[in-house]
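Presented below is the structure to which this report refers.
Every number here is computed from the coordinates shown, using simple stated rules; none is lab data. Treat the numbers as computed from the prediction; the structure is a model and nothing was measured. So basically every Cβ, Gly included, is an ideal-geometry build from the backbone, and we count neighbours across all protein chains shown.
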Amino acid sequence: MKVREEFLPFSRPSIGKNEINKVTACLKSGWITTGALCKEFEDEFCHLTGSQQAISLNSATAGMHITLSALNIGPGDEIITPSMTFASTVNMIVLRGATPVFVDIDYSTLNINPDLIEEKISKKTKAIIPVHFAGAPADMDKINNLAQKYNLTVIEDAAHAVGTYYKGIHAGGFGHPAIFSFHPIKNITTGEGGMITLSNAALEKKLRLLRFHGIERDAWKRYGKGGNPAYDIAEPGYKYNMPDILAALGLAQMERWQEFNLRRSTLAQFYLEGLKGISGIDLPAFPEYDHIHAWHLFVIKIRALNREEFMNRLSDYNIGYGLHFPPTHTLSYVKEKYAGKTGPLQETERAADKIISLPLFPDMRETDVAYVCKAIKEIIKHG
Ligand SMILES: Cc1ncc(COP(=O)(O)O)c(C=O)c1O
């Protein structure tokens, strides 16, 4: 087949006129850092998830950092999480001085295997951090029941989960903290950004303090008409607030999340059809429980040939790809720090050298998917 001239990226944000107009209006407004637009964006997230509070941030990683801090998670504490996740979660656990305890995944969905969690719970366990991998929800009933039984906190990693529903509940709508990401490859983007949703006013108060230096009131309340610019700090905090410029972009993207996800889902169906029956690749499976998939990623496992070789061949066809994720227990510092204590993680390791994320983004065309499927067939046939 003829190789396309234009590179097909793995992901590309969909930015339209409305996004540009909203950001421009913010730039012209005289207020560009955290303010009324962040509040509006937060309200949109409460509405989407059913949570009572939402806190906008400059990344999901920042959200994980202050959530662990606000829960006083630190030295001596163990945090249960899959190894098959982005490194930021484990980095934050380690930087808090706590210990990550890894649970294996289901090979077919790449989501945490909830039936393997209980055996990893110890007296030191403080929290469970499931990931809604690729936009498919983790089994929240099983996870929430275990958390209740052992008095643990659940922190949902909802980085992939704008539009993910578990048995009718949107990710982030269970009451415990959940953290969304708006990195450019995510289902909606603010360039960089994140959001914590929760239904816990006391925890919200701590998180808002940690988000902004430990200062009780955001700048817009201090510098607005009649505001008091004086402040005190009872406990030091970080500088993790989202500026209104980014919230403006986020608000425009929120108007389109359903359109985006419908498109992602349609393209995923094309992939599933186009790649059906090819021996040597495993397609993503759906969780068995009632859910709506956000199709953040389309991850296949390549068995027919070495992944490195497969990636090189995709490049020859001008096709981009992603890797979600190198398992965190295989990262050098994690291996060194927890030598001999992270395994066995049989299914994670089985998937690790086979997973590859194919191009998936709302502005992709059906003909692009058909091209990728055809290229994969050729690569597998001819090596
Ligand atoms: C599963 C997961 N968790 C957390 C993050 C961190 O998000 P951010 O880049 O917004 O900090 C990502 C981002 O790629 C992710 O994929």
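Observations on the model:
- Antiparallel content of DSSP bridges confined to the chain, in %, to 5: 60
- Projecting the alpha carbon convex hull of the chain along each direction and taking the average yields 19.7 nm².
- With each label modelled as a point 7 angstrom along the Cα→C-beta vector, the GLU235-GLU378 pair spans 5.9 nm.
- Contact order relative to length of region 17-254, as percent, for alpha carbon pairs under 8 angstrom and 6 or more apart: 28
- For the chain, the longest principal axis of the alpha carbon atoms and the long axis of helix 140-150 meet at an angle near 50°.
- Between 0 and 90°, nearest 10: helix 60-70 axis offset from the chain longest Cα axis: 50
- Under 10 Å, Cβ to Cβ, from TYR289 - net charge with Lys/Arg +1 and Asp/Glu -1: -2
- Residue pairs, from the table LYS276/LYS377; LYS276/LYS374; LYS123/LYS167; LYS126/LYS205, whose Cα atoms sit over 19 Å apart: LYS123/LYS167; LYS126/LYS205
- Here the convex hull built on the C-alpha positions of region 257-382 has a volume of 142 cubic angstrom per residue.
- Between 0 and 90°, nearest 10: helix 201-211 axis offset from the chain longest Cα axis: 80
- Charge tally around VAL3: other residues with Cβ under 15 Å, Lys/Arg +1 each, Asp/Glu -1 each, net 0.
- Cα gyration tensor shape for region 1-131, rounded if a/c is under 1.5, else prolate or oblate: oblate
- Neighbourhood charge, 12 Å Cβ-Cβ cut-off, centred on GLY76 and excluding it, Lys, Arg +1 and Asp, Glu -1: +2
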